[in-house]
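The values are calculated or read from the model by the stated rules, or taken from the named source; none is laboratory data. Since we're looking at a predicted model, the values are computed, not measured. Glycine also receives a Cβ, built like all others from the backbone with ideal geometry; neighbour counts cover every protein chain displayed.
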Amino acid sequence: MSSAFFKLSEFFLIFIIIPIAFALDFNVWVKLILGLFGFIYIIVLLVKVEKLSFDIAPNLNWKSFFKRVFIKLMVIAVVTSLYVFITDKESLFNVVIAKPKLWVVILIVYSLFSVYPQELIYRTFFFKRYKALISNKVLFIFINAIVFSLGHIFFRNTLVLILTFFGGLLFAFTYSKTKSTILVSIEHAIYGSWLFTVGMGDMLGFPT
């Protein structure tokens, strides 16, 4: 399980073949079972093989972290607000205004049950399992962003793939710097929650 060949085979199965399969039309229960077994396999490897430690990065400068996140969020907010205003003005902040309770519930559920599992898979597992195979840090982060985007191919939406690619770059850089699943999950949750808030929920699969 530790050989380069095994890890590469595992990589192609988990991060390329399965995501592409999810974009195909077949029984949803088969997809759910396949995804569940894949997630269990990843968790077992993290605990048993990679010796996962839930480190919150105690030496991190939290003020500096949130400052960086805030600056990036401001850029994202301006770009996405303009995009929604131009392409679908009626959706701009529609959920917050029309269904504030739903907005709060979805943000909590999304952050806990979508963001954190994604970061366990695409950052924690990916970095711990495959970093030794690619010595070039920039290339490694680029590949991480590609497979993160590919993991959203089931949406069958080009804009989603573009957004998740750039999101993947941001999250990969954060995890590379902090080595913390918690911190990268916080950043992911903030940006994802904003996209839902600004009115891009339908496109990203949020209940609206």
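Going by the conditions given, is Thr164 assigned to a helix (DSSP H, G or I), touching a Leu at 6+ places or on another chain (Cβ under 8 Å), under 30 Å from Phe6 (Cβ atoms) and of a type outside the set (A, V, I, L, M, F, W, C)?
No.
Please verify whether Ser135 is assigned to a helix (DSSP H, G or I) and either in contact with a Phe, Trp or Tyr (Cβ under 6 Å, 6 or more places away or on another chain) or of a type in the set (S, T, N, Q) (or both), treating the condition exactly as stated.
In short, no.
Which members of region 1-29 meet the condition of being farther than 23 Å from Ile146 by Cα and either touching a Phe, Trp or Tyr at 6+ places or on another chain (Cβ under 8 Å) or of a type outside the set (A, V, I, L, M, F, W, C) (or both)?
Within region 1-29, Ser2, Ser3, Asn27 qualify.
Quick one: Gly199 ticks every box in (1) touching a Leu at 6+ places or on another chain (Cβ under 6 Å); (2) farther than 27 Å from Val105 by Cβ bar one, so which box is it?
Only one criterion in (1) touching a Leu at 6+ places or on another chain (Cβ under 6 Å); (2) farther than 27 Å from Val105 by Cβ is unmet by Gly199, namely (2).
Step by step: first the residues of region 167-207, then only those that are among the charged types (D, E, K, R) and either more than 15 Å from Phe66 (Cα to Cα) or assigned to a loop (DSSP other than H, G, I, E, B) (or both), then the one that is farthest from the chain's Cα centre (by Cα). Which residue is that?
Filtering first and then ranking leaves Asp202.
Show me the helices (runs of 4 or more DSSP H) entirely contained within region 1-115 in which 3 or more residues are out of contact with any strand residue (DSSP E or B) (no Cβ under 7 Å at 6 or more places or on another chain) and exposed (fewer than 11 other Cβ atoms within 10 Å of the Cβ).
Ranges flagged: 4-12, 28-44, 62-87.
Taking interchain pairs and intrachain pairs at least six residues apart, which have beta carbon atoms under 6 angstrom, with the first residue in region 99-128 and over 15 Å from Phe39 (Cα atoms) and the second of a type outside the set (Phe, Trp, Tyr) and assigned to a helix (DSSP H, G or I)?
Listed pairs, sorted by first residue: Trp103/Val95; Trp103/Val96; Leu107/Ser193; Ser111/Ala189.
So Ile153 passes all but one of these: (1) at pLDDT 95 or above; (2) farther than 20 Å from Val95 by Cα. Which condition number does it fail?
With respect to (1) at pLDDT 95 or above; (2) farther than 20 Å from Val95 by Cα, Ile153 is out only on (1).
Per-residue answers, yes or no, for (1) on the phi > 0 side of the Ramachandran plot; (2) without any contact (Cβ under 8 Å) to a residue 60 or more places away in the chain; (3) crowded, with 23+ Cβ neighbours inside 10 Å:
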| site | (1), (2), (3) |
| --- | --- |
| Phe148 | no, yes, yes |
| Gly151 | no, no, no |
| Asn157 | no, yes, no |
| Phe166 | no, yes, no |
| Leu169 | no, yes, no |
| Thr178 | no, no, no |
| Thr181 | no, no, yes |
| Glu187 | no, no, yes |
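Which residue, of Val105, Val115, Val109, Val138, is out of contact with any helix residue (DSSP H, G or I) (no Cβ under 9 Å at 6 or more places or on another chain), at pLDDT 95 or above, farther than 21 Å from Phe12 by Cβ and not basic (Lys, Arg)?
The match here is Val138.
Phe93 - would you say it is touching a Gly at 6+ places or on another chain (Cβ under 7 Å) and under 20 Å from Phe70 (Cα atoms)?
Criteria met by Phe93.
Only one residue in Leu32, Leu46, Leu73, Leu82 is farther than 18 Å from Thr124 by Cβ and in contact with a Phe, Trp or Tyr (Cβ under 9 Å, 6 or more places away or on another chain). Which one?
Leu73
The rows are residues; the columns are (1) at pLDDT below 90; (2) under 25 Å from Ser135 (Cβ atoms); (3) among the acidic types (Asp, Glu).
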position	(1), (2), (3)
Met1	yes, yes, no
Lys7	no, yes, no
Phe12	no, yes, no
Ile20	no, no, no
